[in-house]
Amino acid sequence: AKGTPGSRWLQFEPGMLSRHTRLVEMDHDLERALDQGQFHVVYQPQVDLEDGRIVSLEALLRWHHPQRGWIPPDVFIPRAEANGTIIAIGDFVLNAACRQAQHWRQAGLGGLAVAVNLSTVQLYQADLVDRVRAALEASGLPATALELELTETGLMEDMGTACQVLAQLRAMGVGLSVDDFGTGHSSLAYLRRFPVNCLKLDKRFVGDLEAGGDAEVIAGAVLALAQSLGLTCVAEGVETRAQADWLRARGCRQAQGYLYARPQSAEACERLLAAGILP
Ligand code: C2E
Ligand code: CA
Ligand code: CA
Ligand code: CA
């Protein structure tokens, strides 16, 4: 896609370097990116669908490469997972998000929560719980103000271990969300075994709501499932008023998407928080 962040990286490919050389180069650049301050965390509000108040902010990672410009997370995170740099990068995001959220809370901007995406590699890292505890202690953020987002496929990789880790985090008070819900396949029956408290309805279903058909059926089923299991449901990728109305009418309590706010810098979010209610 021309003009989108990171497109220069993708355009670099044809005939210039082999795929392998390019990946080796990205590995090398990822090793240094953290030390060189090339990662930035932006935040996207999650709002209460009844009153438009911001209840939480999701931390989303951005990489500004000195030569290639902005590289989207969908491009570099899989590589960081493959080469192990995701551990240090994930720790950076976790600590930055906890500090930022605690700053907002202390500034009197509300009893906000912050949501952090956790890679499957981090989930199965032996000292994950210690790292989460350390980030909370260093920032002073209460555990109940942190939400960790995990993917369905990640949870399914090793259910026994995942359940144990999740139980420890829940016992501390940390919130746990299943991200991109509805995109995995076999997990519905297993869902209630995991001590999670929130489902994030994947944006592909929200985006297709107006087209009718399968998306409506799946979104409706996910909302009913969340209700019957006593879980919060956050709809992702809400872009239109009609989508928000459809979701609200079916009991969805929270939403996130361009209709309300794009992911943006902490400073820009602070202005939104100070202004209060979003559309
Ligand atoms: P995700 O966790 O599902 O994040 C939601 C994505 O949807 C974000 O893309 C966000 O910018 C985008 N989005 C939000 N509202 C809308 C909307 O109304 N319409 C549309 N079309 N898109 C919307 P982003 O920031 O490019 O992140 C992509 C993925 O990269 C994330 O998907 C997440 O899986 C991963 N990611 C981002 N930051 C991190 C991180 O710190 N750690 C890990 N492990 N993964 C991350
Ligand atoms: Ca997420
Ligand atoms: Ca998602
Ligand atoms: Ca995703």
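The values are calculated or read from the model by the stated rules, or taken from the named source; none is laboratory data. Predicted model only: the values in this text are computed from it and were never measured. All Cβ positions, glycine included, derive from the backbone under ideal geometry; neighbour counts span all protein chains shown. Protein only, heavy atoms only, side chains kept; ligands, DNA and RNA dropped before computing areas. Shrake-Rupley method; radii C 1.70, N 1.55, O 1.52, S 1.80 Å.
The C-beta contact set for the range 99-114 (first residue farther than 17 Å from Gln264 by Cα, second residue open to solvent by 60 Å² or more (accessible area, probe 1.4 Å) and not in a helix (DSSP H, G or I), distance under 9 angstrom, 6+ apart or interchain) comprises Arg105/Gly111; Gly110/Arg53. When residues in the range 127-165 are screened for being open to solvent by less than 50 Å² (accessible area, probe 1.4 Å) and within 16 Å of ligand 2 (Cβ to nearest atom), 9 of them pass. Restricting attention to the range 175-215, the residues being more than 12 Å from ligand 3 (Cβ to nearest atom), open to solvent by less than 80 Å² (accessible area, probe 1.4 Å) and under 22 Å from Thr144 (Cα atoms) number 7. Hey, could you check the range 140-162 for residues that are over 20 Å from the mean Cα position of the chain (by Cα) and either of a type in the set (A, V, I, L, M) or not in a loop (DSSP other than H, G, I, E, B) (or both) and say which is farthest from ligand 1 (Cβ to nearest atom)? It comes out as Gly160. For the range 114-139, a residue qualifies if it is away from ligand 3 (no atom under 16 Å from the Cβ) and in a strand (DSSP E or B), but none of them does. Among residues of the range 63-87 being in a helix (DSSP H, G or I) and open to solvent by 50 Å² or more (accessible area, probe 1.4 Å), the one that is nearest to Leu273 (Cα to Cα) is Asp74. Whenever a residue of the range 159-178 is touching a residue at least 40 places away in the same chain (Cβ under 8 Å), its partners that are of a type in the set (Phe, Trp, Tyr) and open to solvent by 20 Å² or more (accessible area, probe 1.4 Å), lying with C-beta atoms within less than 9 angstrom and at least six residues away or across chains, give the pairs Val165/Tyr124. Residue count for the range 166-214, restricted to those that are more than 16 Å from ligand 2 (Cβ to nearest atom) and at pLDDT below 95: 18. Restricting attention to the range 77-91, the residues that are touching a residue at least 40 places away in the same chain (Cβ under 8 Å) and within 9 Å of ligand 1 (Cβ to nearest atom) total 4. Looking across the range 223-236 at every residue that is closer than 18 Å to Glu147 by Cβ and open to solvent by less than 60 Å² (accessible area, probe 1.4 Å), the one that is nearest to ligand 3 (Cβ to nearest atom) is identified as Glu236.
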